[in-house]
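These notes are about the structure you will find just below.
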Amino acid sequence: MSHYFAEVSYLLASILFVFGLKGLSHPDSARRGMHLAQFGMLMAIIGTLLHKDIVSYEWIIVGLIIGSAIGGSIAHFVPMTALPQQTALSHAFGAFAAALVGVSEYHTHGGTASHFTLGALGADVVLGSLTTTGSLIATMKLQGWLPGAPFTFQGQKVFNLALLAATVGCFGWWLAVPSAAVAFYFMAVLALTVGVMLVLPIGTADMPVVMSLLNSYAGLAATATGFAISNNVLIIAGTLNGFSGFILSVIMCRAMNRSIRNVLFGAFGQAAESAAATGAEPMREISLDDTAVQLAYARQVVFVPGYGMATAQAQHAVHELAGMLEARGVIVKYAIHPVAGRMPGHMNVLLAEANVPYSLLCELEAINPEFPSTDVAVVIGANDVVNPDARDNPGSAIAGMPILEVDHAKSVIVLKRGQGKGFSGLENPLFSKPNTGMLYGDAKDSLMRLAEAVRAA
Amino acid sequence: MNPDALISSVYVCALAAFLGYLVISRVPSLLHSPLMSTTNAISGISLVGSIVTAGAQHSRLSTFLGFLAVTCATINVVGGFWITERMLRFFHKPPAAKRKE
């Protein structure tokens, strides 16, 4: 009887998950969708607690309480600028849980299961392990505990391929001799190492792709668990997550003009070394007052945020300045590049947090035709996503990447901390164009002073 | 797993993939961050497997592994849903919808 109850609860949960994701197709229905998904999860948990195999509840309850306390407090107190780290950490925990279930399953049933079940179990452990360490490395890079620059060494690709081959080899050995626990645990350790080596060579600027990919792997690990313990809700939820991560990776890749293969083999993050455009033209510095006057008397202003806005915590200052301009009758819009920030949609969340209505957050395709009729484009801590070289210079490391064409605006103001090259290390010819003015200083500080100056203008 | 169960599981997986593709490709880039944290929370469904492992008492080690898995998966589920909730609370309609007209 309880068996049927569990199955019904799983079916219900699966349906609710799909409805939940469907809700995300519009911001107005998103929260309701989310509540459906949460309810689905609750149903699945209750259904499982009635499972006939469960004889003792104490450890389950302790685990649920500790987990809720840790997860809840991290999610409650983390600032939105640190959203990518939190998400990466969450991936690590989820994947680790999936891997642990696999290990425990093997420990309990040994090699007695069918070959197919063993294969799923192995895939679960490998994917879970490599996602765990990969996500942890990503978290540390995003948090600044590890250097954000790509970590590379001679023969890295050969080494990584050998590591991968060794993992697959262990997998094969273990499938042939399922009782060989050594092979199983060796495989797990190798997979943990693969995860580290996979993410280390990737620079923080490429994190949106990595985050999406780890998201996908975490989902696939859950799917594999589902096959291993023949549980359909795991298969469904894992596949949904795997696909979502995969679709996001494809979108991110397209937005950076990189192929999926290029990403899968971790060959990126090194492109920046080439293309050293020498003989940069001088940049024109613009004063705060001149900027304020330009903004105050503009007809349309477009803000272009990048990761620099997040590090400067400047999202509220942007909104304040925008409010000041709107009060003067200026049309204000925001141009969001798909890979701006450190995870997909990062900039949207930050601006929404600062009370910017979502209808003003424009996607790349929507805003690009508007730049020629824009008086001032304000670039806040963004670099590669507005680099005209991607469009004009076929030899550039980012050639072909779709950009926000701010250089078509009548005037461009670039808020920048200093004269350095930014994360990617690429020259940006936008900065030396005649219609570009550089406003140096902390973005938040500059924006707040601009708001003051506009009020006075 | 016997072949029949396997085939039906593969069916489930294939249909879920198809459904996932249809549903997720309609999510606007505006909501990509909440999408990622939601799917992340949903995949914490391995909690279901962890619970059975922790409660079945096959051996002391498997109970311990299960307990650890329950804790981690719960962090994943609760953290993922909570942060999504926080994010989605930010996205609201423009208060000045009338001002535009």
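The values are calculated or read from the model by the stated rules, or taken from the named source; none is laboratory data. All of these numbers come straight from a predicted model, not from anything done at the bench. As a convention, Cβ positions derive from the backbone with ideal geometry for all residues, glycine included, and neighbour counts pool all protein chains shown. The area values use the complete protein model at the heavy-atom level, side chains included, leaving out ligands, DNA and RNA. Shrake-Rupley method; radii C 1.70, N 1.55, O 1.52, S 1.80 Å.
Points to keep in mind about this one:
- Charged-residue dipole, Cβ positions (Lys, Arg, Asp, Glu), the protein assembly as shown about Cα centre, Debye nearest 20: 460
- Relative to the longest principal axis of the Cα atoms of chain B, the long axis of helix B:3-24 lies at roughly 10 degrees.
- Chain B contacts chain A over a buried accessible area of about 8100 Å², both sides summed; the probe is 1.4 Å and only protein chains count.
- Proximal charge balance of residue B:38 [Cβ under 12 Å; K/R count +1, D/E count -1]: +1
- Dipole magnitude of the range A:288-456 about its Cα centre (Cβ charges: Lys, Arg +1; Asp, Glu -1), debye to nearest 20: 180
- For residue A:322, neighbours were defined as the other residues whose beta-carbon sits under 12 Å from its Cβ, and their charges (Lys and Arg +1, Asp and Glu -1) total 0.
- Degrees, to the nearest 10: A:27-49 long Cα axis against longest axis of chain A: 20
- Put the Cα centre of the range A:211-247 next to the Cα centre of the range A:164-208 and the gap is 18 Å.
- Three-way shape label, the range A:1-114, alpha-carbon gyration tensor, a/c 1.5: oblate
- Amide H contacts for residue A:437 (H built 1.01 Å from N in the peptide plane; partners 5 or more residues away or on another chain; cut-off under 5 Å): A:412, A:413, A:414.
- Between 0 and 90°, nearest 10: helix A:232-256 axis offset from chain A longest Cα axis: 30
- If R0 is taken as 35 Å, the Cβ-Cβ distance between residue B:57 and residue A:12 corresponds to a FRET efficiency of 0.80.
- Tensor-based shape of the range A:56-271 (alpha-carbon gyration tensor, a/c under 1.5 rounded, otherwise prolate or oblate): oblate
- Cα gyration tensor category, rounded, prolate or oblate, for the range B:3-91 with a/c compared to 1.5: oblate
- Inter-chain Cβ neighbour count for A:339-352, averaged per residue, equals 5 (cutoff 10 Å, partner chain atoms only).
- Cβ-defined net charge surrounding residue A:376, 15 Å radius [Lys, Arg +1; Asp, Glu -1]: -1
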